[in-house]
Amino acid sequence: MDSRNGQNGGYPPEGWQPPQGGYYYQPCRSEQKNAFATAAMVLGIISLLSLVSVYWALPIGALAILFTILSKRKGRRMTTHALIGLSTSLTSIIISAFILITTITFFVQALNPKNRDYVNKLFQSTYGYDFDEYMENYLEEIEKLYGGDVSDKLGQLFGIEP
């Protein structure tokens, strides 16, 4: 009976002995640890979580992208950690840039004299006082803290005469 053909119940033939030293297992090849890829993933997640403070998401996300690029050097493949870091950091940078652009656009539109009436009505309905009153109070506080010079320049910027 030949055990190679499935006969003999799948057992080796009689008298067969395993090689000297017994059986051994080949270790599985695992991915090499890549510190840059891990750092990219951690920073990408932190940048996504730091979207509440828009200003921190941009530099942290940029660092995550830098670490992703550094993790791929020397012909290495992009690991899962690096891909997670890249995707989370790009997401946070895009959202943060959108928030910043929207804020700057609103601010510039609020300074435009044609839109001042609309902004005043919006502030009046929301806060109970208009934008001009808010800016006058703000400039008074700035004057108390930093002096009249800064308050005059800010007043000119916002179109409010001191």
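Could you list, bin by bin from short to long, the percent of Cα-Cα pairs of region 34-111 in 10 Å steps?
For region 34-111, the pair-distance distribution reads 24, 42, 21, 10, 4, 0.
Whole-Hz ³J(HN,Hα) for each residue in region 95-102, computed from phi via Karplus 6.51 cos²θ - 1.76 cosθ + 1.60 with θ = phi - 60°, x for glycine and proline: what do you get?
5, 5, 5, 4, 4, 5, 5, 4
Please give the net charge around residue 130, taking every other residue with its beta carbon less than 15 angstrom from that of residue 130, where Lys and Arg add +1 and Asp and Glu add -1.
That sum, taken over residues with Cβ under 15 Å, equals -2.
What distance in nm separates the two pseudo spin-label positions at residue 146 and residue 14, each 7 Å out from Cα along the beta-carbon direction?
Inter-label distance under the simple model: 10.0 nm.
Readers should treat all values here as calculations from the given coordinates under stated rules, not as data from a laboratory. Bear in mind that the values here come from a model prediction, so they are computed numbers and not experimental data. So basically every Cβ, Gly included, is an ideal-geometry build from the backbone, and we count neighbours across all protein chains shown.
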